[in-house]
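Structure record follows, encoded as structure tokens.
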């Protein structure tokens with residue numbers, strides 16, 4: 001969906017305080033539950049996000065007709081401000097991860113939600129940077145940009161992970177080399 005600047009960048013502003021809120025819930029729960037449960041849940045949530053990102057991009061955005069049509073607009077005009085409507089990601093993660101687990105495992109619920117929100121923030125940041133930072137100097141961003149530009153160049157048939165190429169490697173959709181250079 002095409003978003004204006006305010007809509008596009010709203011999640012960049014909204015996610016950090018929501019993330020802090022979920023992290024704020026951890027110290028109280030950690031004092032009751034003990035050590036690294038919360039930290040492990042945050043790490044697991046971040047890892048879960050990378051898999052959700054890969055699956056959503058690969059199967060929903062490239063194969064589900066209604067979303068594919070919207071995502072094709074991004075492939076046709078990669079520098080335009082296309083994305084998920086503001087706050088939808090925060091709401092979905094909160095409803096699908098936090099609420100179902102809160103009553104049974106509050107530490108896990110808060111930690112997984114915080115990790116997934118951190119992953120989502122990483123994703124939208126890296127995706128923005130891959131399209132708008134022309135000559136990145138940080139090695140991680142250089143690799144992420146190269147992977148993502150190959151995704152665009154190869155008509156969306158490879159490199160579905162934006163935050164990481166790990167799941168492309170796992171599922172055999174990784175493509176690393178091309179003879180073309182990207183000016184885009």
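The values are calculated or read from the model by the stated rules, or taken from the named source; none is laboratory data. These figures come from a predicted structure and were not determined experimentally. All Cβ positions, even for glycine, are placed from backbone atoms using ideal geometry, and neighbour counts span all protein chains on display.
Taking the conditions exactly as written (surrounded by 19 or more Cβ atoms within 10 Å (Cβ to Cβ) and either free of Cβ contacts under 8 Å to residues at least 24 places away in the same chain or under 13 Å from the mean Cα position of the chain (by Cα) (or both)), does residue 11 satisfy them or not? For residue 11, the condition - surrounded by 19 or more Cβ atoms within 10 Å (Cβ to Cβ) and either free of Cβ contacts under 8 Å to residues at least 24 places away in the same chain or under 13 Å from the mean Cα position of the chain (by Cα) (or both) - is met. Just to be sure, is residue 99 farther than 28 Å from residue 13 by Cβ and free of Cβ contacts under 8 Å to residues at least 40 places away in the same chain? No. Among the residues of the stretch 132-141, none qualifies, meaning not one is touching a residue at least 24 places away in the same chain (Cβ under 8 Å) and either buried (at least 21 other Cβ atoms within 10 Å of the Cβ) or within 17 Å of residue 49 (Cβ to Cβ) (or both). Just a yes or no: is a residue in the stretch 82-95 surrounded by fewer than 21 Cβ atoms within 10 Å (Cβ to Cβ), at pLDDT below 85 and not in a loop (DSSP other than H, G, I, E, B)? Scanning the stretch 82-95 turns up at least one residue that is surrounded by fewer than 21 Cβ atoms within 10 Å (Cβ to Cβ), at pLDDT below 85 and not in a loop (DSSP other than H, G, I, E, B). A single entry from 47, 43, 80 fulfils the requirement of being under 21 Å from residue 162 (Cα atoms) and in contact with a strand residue (DSSP E or B) (Cβ under 8 Å, 6 or more places away or on another chain): 80.
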